[in-house]
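Below you'll find the structure, written out as structure tokens, and then a few comments.
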Amino acid sequence: MLLKNQIALITGSGRGIGRAIAQLFAKQGAAVFLAARTEKELAAVAKEISGSGGTAEYADADLAQEAACVHVVAAAREKFGRIDILVNNAGQYGPLVPIEEYPLAEFDKVIAVHLRAAFLLSKLVLEEMYTRGSGVILNISSISAKAAYSWGSGYAAAKAGMLGLTRVTAAEAARKGVRVNAICPGPVSETRMSKELGADLAKRLGISPEEQLAGFLNGLLQGRAQTADEIARAALFLCSDQASAIVGQSINVDGGVAFY
Ligand SMILES: NC(=O)c1ccc[n+]([C@@H]2O[C@H](COP(=O)([O-])OP(=O)(O)OC[C@H]3O[C@@H](n4cnc5c(N)ncnc54)[C@H](OP(=O)(O)O)[C@@H]3O)[C@@H](O)[C@H]2O)c1
């Protein structure tokens with residue numbers, strides 16, 4: 001077991017990639033604390049995990065709000081006593097519109113859930129990790145941080161910001177025993193966010209969602225989508241001691257789209 005006796009706080013873990021990470025981490029011995037807005041989804045994931053012998057607790061919270069980030073960290077500590085691993089995964093794509101039409105309030109919301117929450121949650125757990133001299137933070141960014149796609153300025157800016165945040169946090173934390181890295185997934189077509197984005201893109205392009213997906217996947221070296229489980233396996237590696245010398249990096253798990 002790669003995460004025996006570890007406590008992991010995983011945001012956006014009611015479905016999709018976060019759920020896959022929580023399930024895999026729990027299988028590998030971690031007690032997981034789940035957080036997202038939809039209580040019903042969190043309860044279902046916690047039940048799946050405890051049903052297969054794992055340990056999971058959860059709190060529903062809108063992580064775009066500072067008070068909710070504080071609440072989630074306090075709740076995780078109350079249940080499990082500490083936080084060894086933080087995975088900043090919660091997020092939404094936001095509107096699919098050109099910059100001149102992008103509402104400022106929506107831009108702020110997208111930045112808040114991806115970048116601001118990752119900053120806040122890191123701020124809230126680092127001191128405890130420094131005191132112990134160990135810990136891991138993993139930020140789930142995107143190939144949108146590295147490629148150039150139209151109509152998602154808030155999302156791309158937030159995800160690119162997360163890579164800057166990853167490097168600065170890693171620089172400050174590395175000699176205090178804490179490793180900080182990021183994953184840039186490509187299209188994980190099974191998730192709600194991906195399906196909604198595909199449908200919106202297809203509408204904008206005047207093609208079917210199937211055509212849109214096929215065209216996008218054709219641009220990947222492997223020519224196929226990634227699965228949530230493939231992202232979770234990369235997350236497991238980066239959060240385990242197997243990655244003990246990997247610090248401040250962003251690892252593309254994208255089937256071959258970005259090459260830096
Ligand atoms: N799917 C892809 O192709 C892809 C590619 C690259 C990167 N990513 C990134 O992977 C992460 C997970 O996405 P996914 O594809 O798994 O999408 P998803 O299935 O829609 O899951 C998103 C998760 O984030 C939670 N969330 C959203 N807004 C939140 C908020 N304000 N506060 C708390 N939780 C919130 C959602 O729960 P609630 O709605 O209940 O709050 C849900 O649990 C995101 O950061 C996304 O940007 C995805």
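The values are calculated or read from the model by the stated rules, or taken from the named source; none is laboratory data. Because the structure is predicted, anything quoted here is derived from the model rather than measured. Every residue, glycine as well, gets a Cβ built from its backbone with ideal geometry; the counts of neighbours run over all protein chains shown. Surface areas here come from the heavy atoms of the whole protein model, side chains and all, with no ligands, DNA or RNA. Shrake-Rupley method; radii C 1.70, N 1.55, O 1.52, S 1.80 Å.
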Only Lys, Arg (+1) and Asp, Glu (-1) charged, at Cβ; the chain dipole about Cα centre in debye: 620 debye
- line: For the chain, the longest principal axis of the Cα atoms and the Cα long axis of helix 39-51 enclose an angle in degrees, to the nearest 10, of 60 degrees
query: Which one of 88, 218, 139 has the biggest mean-square fluctuation once the chain is modelled by GNM with Cα springs under 10 Å?
result: 218
statement: The pairs in 4/176; 146/195; 4/40 lying past 25 Å Cα-Cα in this model are 4/40
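Could you sort the peptides 40-51, 61-72 by per-residue average Cβ neighbour count (10 Å cutoff), highest mean leading? Intermediate results must be reported in sequence, preceding the final value.
Details: 40-51: 16.7, 61-72: 18.3.
Ranking, from highest mean packing down: 61-72, 40-51.
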message: Sort 152-158, 124-130, 169-175 by the packing proxy (mean of other Cβ within 10 Å over each peptide's residues), most packed first.
response: 152-158, 124-130, 169-175
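Please work out the average accessible area per residue across the chain, using the 1.4 Å probe convention, and give it in Å².
Working: 12000 Å² over 260 residues.
About 46 Å² of surface per residue is accessible.
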field: Max mean-square fluctuation residue, GNM over the chain, Cα-Cα springs under 10 Å, options 22, 74, 112
entry: 74
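Which value in deg cm²/dmol, rounded to the nearest 500, describes the helix-derived mean residue ellipticity at 222 nm for the chain, given -39,500 (n - 2.57) per DSSP H run of n ≥ 4 and division by the residue count?
Taking each H run of at least 4 residues, the total per residue is -15000 deg cm²/dmol.
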task: Pop a pseudo-label 7 angstrom from the Cα along the beta-carbon direction at both residue 100 and residue 203 and give the gap in nm to one decimal.
output: 2.2 nm
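Accessible area, 1.4 Å probe, largest first: how do 229, 254, 241 sort?
On the way: 229 75, 254 10, 241 130 Å².
Ranking 229, 254, 241 by accessible area, largest first, yields 241, 229, 254.
Of all the accessible heavy-atom surface of the chain, with the other protein chains kept in place and a 1.4 Å probe, what percent is carbon and sulfur?
On the way: 6300 of 12000 Å².
Result for the chain: 52 percent of the exposed heavy-atom area is carbon or sulfur.
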Label-zone membership for region 190-210, site residue 38, 7 angstrom Cα→C-beta point, backbone N under 13 Å: 191-196
